[in-house]
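Engineer: Take this structure first; my questions come after.
The values are calculated or read from the model by the stated rules, or taken from the named source; none is laboratory data. Note that this is a predicted model, so its numbers are computed, not measured. Virtual Cβ from ideal backbone geometry, glycine too; neighbours counted across all protein chains shown. With ligands, DNA and RNA removed, areas are computed over all heavy atoms of the protein, side chains included. Shrake-Rupley method; radii C 1.70, N 1.55, O 1.52, S 1.80 Å.
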Amino acid sequence: MYKLLLIWRYLLTRRIALVSVVSVTLGVATMIVVNAVMLGFSREMENRIHGALSDVTISSRSSLRGFDDVDSRLRDVEKVAGDLIEAMTPTVITPGLMSFDFGGGEVITRQVQIVGVDCATNEKVTAVAQYLQHPENRKRFTFDLHEDGYDVQNPTFGNEGTVRTHLESAGWKKRRADAEYERYRWQEQLRQREMYAKSTKPSSAPPMEDSADEDDDPYAAALANMPEIPVYGDDEAGVDSPLDEPGVDGAEPTVEVVREAADAPSTGPTQLAGTPFDGLEQFETRKDPATTQETGAILGVGLVSGNRRKHLNPQTGKDEIRESLLRIPGEDITLSFLAVGTENSMPSIVYDRFTIVDLYECRMAEYDDSFVFVPIEKLQYLRRMIADDGTRLATQILIKAKPGVKIEEVRDRLRDSEEFPEQLYEIETWKDQQAATLAAVATELSILNVLLFLSIAVAGFGILAIFFMIVVEKTRDIGILKSLGASGSGIMQIYLFYGLTLGAIGSGLGMALGFWFVANIQEVADFLSRIMGHEVFDPTIYMFHQVPAIIEPATVAWIVVGSLSIVVASSVLPALRAARLKPVDALRV
């Protein structure tokens, strides 16, 4: 009983011990907040990565050609690990270039990763659909252009994302408006073309109807001498490029540039030369963009992002990030990429026009700034990945495991099978594919925890010094207690339990303070931003409009236990010294 009374007396009278309590409180609160924010960032990043990737991916080591027969490969996967797999889908991924006109003929080019997907099966394997801007596409993944209704903010992120007001006019109404403007522009050029041709006719020239010979008529000669315009979209396989011409020594060219014919006629870039009116024939012969679309394509939003700026929303009174777009759904782009070579030909560059039908935003720059999704059948056709017997090639097979199944188990079973030798196939989970990124985050969190624990260790040294002072001051009291029959272990327990009490109080207050900070992390971040004059968590950098924070009970438990251990360990040496004091020596002081 006397032990508890002495501990309580020390707590009330030794106010210097409160310094150690404050140190423990701040250390525990800081560790809880940092771990919660880092865990929130990590979980959010993992969810975005996993949303773009499948649980397990089987990739061909021949990345250009891929699997010879993807259907037979799918059957092999079903045979090896069918009891662990919920869904599968083939895909084709290839690097390429995306280009589009902007600003009166200025051509913008982007390096992209072109991904051919099967809408029906892909949405069962990946979460690509939930990151699209049109609500109908989030329900059912298609490559069809919608009339309108594109969200200016993706509700997947709680309507806290970047605002893109350009999407209010996206869709078929944008395409029809552009087609009407294009028709007006070409009609105006037709009128100017006629005026241009007439202006080349000398004033002294005889009237056209009086001309005996067409060759002698300057007006007819002006029209006849205008350069011939290459017209795309007919039944021809393509237009030869100057690179197709043999070299001086008669050798075959090493690069072939062609435009593959699509299932439906489609137009490609026109080679303009000669006069301001070249290309008019192409406009007159291509299909009407007001009523038809090219093959659909879904672009990562970073590929068409323009300027970003902060804008005060008068309705909410908060700043929001507004972003302009260089291209929106309803407009066309051109994709260029390598086609698979055959035994009789080298790989060649092909290109085709596509219509943007939606934008993809998962808030991972690695994907938003590079991915272009197109129908897998179209990409297989353009890349010559359909054999004469109808078998199709693919570069990857994406797999989703059944709920409760460890994806590592699916990976290991496929790796150990004879159907997928490691010389030809690379089998990875989504964690394997992003191992470097995830390891970097884990390492950073570990280093932060070590540094923060050192701050609690500093508090422990303070407790050690304070306890030694108490032992020195209470030497006579210790002698009296021992002379009255108190044992050395009893004296030692007083100081150990005193340290444990200080640690428990500090840890409890630290937990409460840390939980409060996490619950109000956004308000705290806004307050710090106002004090510092700049954004603490800039959404244009981190792609988070709300600071993510997750409290994990296991993490809080080891923080508290670790703090208590440090405090109790700091009390051991003073307690041992007090326990070893002899009553006679202590009373002599």
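Engineer: Of all residues in segment 409-448, which are among the hydroxyl-bearing types (Ser, Thr, Tyr), touching a residue at least 40 places away in the same chain (Cβ under 8 Å) and assigned to a helix (DSSP H, G or I)?
Structural biologist: Going through segment 409-448, the residues among the hydroxyl-bearing types (Ser, Thr, Tyr) turn out to be 417, 425, 429, 437, 443, 446.
Restricting the remaining residues to those that are touching a residue at least 40 places away in the same chain (Cβ under 8 Å) gives 417, 425, 429, 437.
The one that is among the hydroxyl-bearing types (Ser, Thr, Tyr), touching a residue at least 40 places away in the same chain (Cβ under 8 Å) and assigned to a helix (DSSP H, G or I): THR437.
Engineer: Is there any pair linking a residue in segment 507-535 that is of a type in the set (Gly, Ala, Ser) to one that is open to solvent by 50 Å² or more (accessible area, probe 1.4 Å) and not in a helix (DSSP H, G or I), with Cβ under 6 Å and at least six apart or on different chains, and which?
Structural biologist: Once the first residue is of a type in the set (Gly, Ala, Ser) and sits in segment 507-535, its partners that are open to solvent by 50 Å² or more (accessible area, probe 1.4 Å) and not in a helix (DSSP H, G or I) give ALA525/PHE537; SER529/GLU535.
Engineer: Taking only segment 373-390 into account, find how many residues are in a strand (DSSP E or B) and open to solvent by less than 60 Å² (accessible area, probe 1.4 Å).
Structural biologist: Step one: list which residues in segment 373-390 are in a strand (DSSP E or B), which gives 373-375, 386.
Still in the list and also open to solvent by less than 60 Å² (accessible area, probe 1.4 Å): 373-375.
Counting residues in segment 373-390 that are in a strand (DSSP E or B) and open to solvent by less than 60 Å² (accessible area, probe 1.4 Å) gives 3.
This table checks each residue for (1) crowded, with 21+ Cβ neighbours inside 10 Å; (2) basic (Lys, Arg); (3) more than 28 Å from the chain's Cα centre (by Cα).
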position: SER54; (1), (2), (3): yes, no, no
position: SER62; (1), (2), (3): no, no, no
position: PHE67; (1), (2), (3): yes, no, no
position: ASP71; (1), (2), (3): no, no, yes
position: VAL80; (1), (2), (3): no, no, yes
position: PRO90; (1), (2), (3): yes, no, no
position: LEU97; (1), (2), (3): no, no, no
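Engineer: From (1) modelled with pLDDT of 70 or more; (2) open to solvent by 40 Å² or more (accessible area, probe 1.4 Å); (3) small (Gly, Ala, Ser), pick out the condition that doesn't hold for GLY306.
Structural biologist: Just one mismatch for GLY306, condition (2).
Engineer: Let me ask another. As an exercise: evaluate LYS406 against (1) of a type in the set (Lys, Arg); (2) more than 14 Å from THR94 (Cβ to Cβ); (3) in contact (Cβ under 8 Å) with a residue 12 or more places away in the chain and give the number of the one condition it does not meet.
Structural biologist: Among (1) of a type in the set (Lys, Arg); (2) more than 14 Å from THR94 (Cβ to Cβ); (3) in contact (Cβ under 8 Å) with a residue 12 or more places away in the chain, LYS406 violates only (3).
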